[in-house]
Amino acid sequence: MAIELHGYQYSVYSWIARLALHEKGVGYKWVEVNPFAEDLPASYLATHPFKRVPTLIHAGFALYETGAITRYVDEAFDGPRLQPAGPRERARCSQIMSIADSYAYWPLVRQVFSHGVFRPLMRLEADESEFRRGLAAAPRVLAALETIASDEQYLCGNQLSLADIHLAPMIGYFVLAPDGRTLLDEHPRLNDWWSKLSKRSAFVATMPRLP
């Protein structure tokens, strides 16, 4: 059955959803949607009333919110399991996903990446104070993740999980700023995880092509 992923090419959450589909081995049709456009199609607003991305459509079933999408992708399709079976590992996976959304996204992506990398590339006005606030907030987030990350290859053990898929694109954007890369280097467990995860074929294949 046809699967469509509606998203914005530079959106970190669209990247997360694409990465989950690739890691699961699920084919899909990409539909570009710019949530910042004033003339969003009514058909898209019917599937996502909050005017954000991404939205997954599978056999008439429309789903938005990235965490819901990645869990659905894992549970609805064949392929490698992306959620740990053990209760503690599964809880840790959910915890890291929540930390990424609640505490990492804003400073790492919306402040450091957006104002330090993306907006200058797009020749848009950047706010140096926002960039600096992001850098100031990032160490607390990275330290929290460093504390709870597994000693094994992935964040929740020896198997790739949705925690890795959810956090990796945020780190991927964050380290494009040299100051972000320096901060990550100060957290050896996360840095080791990143050096391996960032080389995975699915991660490389789904990485957005910035201007």
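Coordinate-derived values only; no laboratory data. Computed from a predicted structure; not experimentally measured. Note that each Cβ is placed from the backbone with ideal geometry, even for glycine, and that neighbours are counted across all protein chains shown.
Run through the DSSP bridge list for the chain and note the antiparallel percent, rounded to the nearest 5. Don't skip to the answer; put the middle values down first.
On the way: 9 of 13 bridges.
If we restrict to bridges inside the chain, about 70 percent are antiparallel.
Work through the residues other than residue 77 whose Cβ is under 12 Å from its Cβ and net out their charges, Lys, Arg +1 and Asp, Glu -1.
Numbers: positive: 24, 71, 81; negative: 23, 74, 75, 78.
Combined, the nearby Lys, Arg, Asp and Glu give -1.
When N is the residue count of the stretch 3-132, what does its C-alpha Rg come to as a fraction of 2.2 N^0.38 Å?
Numbers: Rg = 16.2 Å, N = 130, 2.2 N^0.38 = 14.0 Å.
Cα-based Rg divided by the globular estimate yields 1.16.
Can you figure out the FRET efficiency of residue 61 with residue 32, using R₀ = 22 Å and their beta-carbon distance, to the nearest 0.05? Kindly include the intermediate steps, with their values, before the conclusion.
Working: r = 21 Å, r/R0 = 0.95.
It comes out at approximately 0.60.
Using 7 Å Cα-to-Cβ label points, what is the residue 4/residue 50 separation (nm, one decimal)?
The two pseudo-label positions are separated by 2.1 nm.
About its Cα centre, how strong a charge dipole does the stretch 83-211 have in debye, to the nearest 20, once Lys and Arg get +1 and Asp and Glu get -1 at the Cβ?
Details: 15 positive and 14 negative charges, 58 e Å.
That gives a dipole near 280 debye.
What longest range of the chain stays clear of loop-exposed GluC sites (Glu not before Pro) (DSSP non-H/G/I/E/B, at most 12 other C-beta within 10 angstrom)? Before the final figure, lay out each step's value.
Details: sites that count: 38, 125, 152, 186.
So the longest stretch without any such site is 39-124.
Could you give the Stokes-Einstein D for the stretch 69-211 in µm² per second, using the C-alpha Kirkwood radius, 25 °C, 0.890 mPa s? Could you put the intermediate results ahead of the total?
Details: Rh = 15.7 Å.
Estimated diffusion coefficient is 156 µm²/s.
Remind me, relative contact order of the stretch 127-211 in percent, using alpha carbon pairs under 8 angstrom and six or more residues apart?
Details: 50 pairs, mean separation 23.5, N = 85.
It comes to 28 percent, rounded to a whole number.
If we sort 199-210, 9-20 on the protection proxy, mean other Cβ atoms within 10 Å, highest first, what's the order?
On the way: 199-210: 13.8, 9-20: 23.5.
Final packing ranking: 9-20, 199-210.
Give the residue list of trypsin sites (Lys or Arg not before Pro) in the stretch 106-140 that are DSSP loop and have at most 14 other beta-carbon atoms within 10 angstrom. Could the numbers behind the result be given before it?
Working: sites: 110, 123, 132, 133, 140; in loops: 123.
Passing sites in the stretch 106-140 are 123.
Could you order peptides 172-182, 40-50 by the average number of other Cβ atoms within 10 Å of their residues, highest first? Each step should come with its number before you reach the end.
On the way: 172-182: 19.4, 40-50: 11.9.
The most tightly packed comes first, giving 172-182, 40-50.
Near the amide H of residue 159, under 5 Å away, which other amide H atoms are found, from residues 5 or more places off or on another chain, if H is placed in the peptide plane?
For residue 159, the qualifying residues are 154.
log₁₀ I(q)/I(0) of the stretch 50-124 at q = 0.15, 0.25 Å⁻¹, via Debye over equal Cα point scatterers, no solvent, to two decimals?
So the normalised log intensities are -0.74, -1.13.
Just to be sure I understand: with springs between alpha-carbon atoms less than 10 Å apart, which residue in 73, 141, 109 has the highest mean-square fluctuation in the Gaussian network model of the chain?
Evaluated over the chain, the most mobile residue of the options is 141.
Please report the antiparallel percentage of DSSP beta bridges with both residues in the stretch 1-108, rounded to the nearest 5. Write out the running numbers ahead of the final one.
Details: 8 of 12 bridges.
Counting DSSP beta bridges with both partners in the stretch 1-108, the antiparallel share is about 65 percent.
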